[in-house]
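Below is one structure; the comments refer to it alone.
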Amino acid sequence: MKLEIKKFNENILRVKAEEIKEITDETKQIVLDMVEILKEKQGIGLAGPQVGISKRIIIVQPDPRHLKFIALINPKTIKKGKETEMQEEGCLSFPGIFLKIKRAREIEVEAINIEGKKINIKAKGVFARLLQHEIDHLNGTLFFNRLNFLERVNFKLKHLNLRI
Ligand code: ZN
């Protein structure tokens, strides 16, 4: 199965994805296909809805120095640090667009790995940001939704072709 990246105006990016009840061979194939896309596009994170699969699955690269990806199934944010940080972010569904987004500096996430085991991840900085961005995708929230009102107006004026 060849997956394709869904772009900004597609509805699937705006809806809440469904929980995965059971890890099947199909789930494993989805993971392999998503990792392949990430490698091809040189991305660091991807969520199911971005490839047309409205299921709660994300693939992330925890450390940019290593080409190693992990799959998180039904990821849930269980703790968010109060401290925030403003950094530029990109998204494979918005090619060429980079936005400065305020996010928590630290985060704790609970998920199921591809072997069906419950895992707990404590992340900081870029990895924490990545997890927040990808988990947002599972809830139909896109990065510009995190801008404040004025920033969003400016963004809209600059990219009038986008559905915002
Ligand atoms: Zn994204």
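Laboratory data are not the source of any read-out in this text; all were calculated from the coordinates shown. Only a predicted model underlies this, so the values are computations on that prediction, with no experimental measurement involved. Neighbour counts run over all protein chains shown; Cβ positions are idealised from the backbone, glycine included.
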Using θ = phi - 60° and Karplus 6.51 cos²θ - 1.76 cosθ + 1.60, couplings along region 147-159 (whole Hz; Gly, Pro as x): 6, 7, 3, 5, 4, 5, 4, 4, 5, 5, 5, 6, 10
Can you say what percent of the DSSP beta bridges in region 1-159, counting only those with both residues inside, are antiparallel? Round to 5. 95
Inter-part distance where region 98-164 and region 43-81 are each reduced to a Cα centre, Å: 11
Please compute the contact order of the chain in relative form: average sequence separation of alpha-carbon pairs under 8 Å and at least six residues apart, divided by the residue count, as a percent. 24
Relative contact order of region 1-96, please, whole-number percent, based on alpha carbon pairs below 8 angstrom and at least 6 residues apart. 31
Which order do the peptides 50-57, 142-149, 67-74 come out in when sorted by mean C-beta neighbours inside 10 angstrom, highest first? 50-57, 67-74, 142-149
Binned at 5 Å from zero, the C-alpha pair distances of the chain give percents of 2, 9, 18, 23, 22, 15, 8, 3, 1, 0
Using the Cα centre as the reference, give the magnitude of the dipole from point charges on the C-beta atoms of region 96-164 (Lys, Arg: +1; Asp, Glu: -1; all else neutral), rounded to the nearest 20 debye. 320
Evaluate the Kirkwood expression for the hydrodynamic radius of region 10-66, namely the inverse of the mean inverse distance over all pairs of different C-alpha atoms, and round to one decimal in Å. 12.0
Can you give the convex hull volume per residue for the Cα atoms of region 113-164, as a whole number of Å³? 115
With -39,500 (n - 2.57) per DSSP H segment of 4 or more residues and division by the full residue count of the chain, the 222 nm estimate, nearest 500 deg cm²/dmol, is -8000 deg cm²/dmol
Compactness of region 74-164, expressed as Rg and Dmax over alpha-carbon positions, Å: 14.5, 45
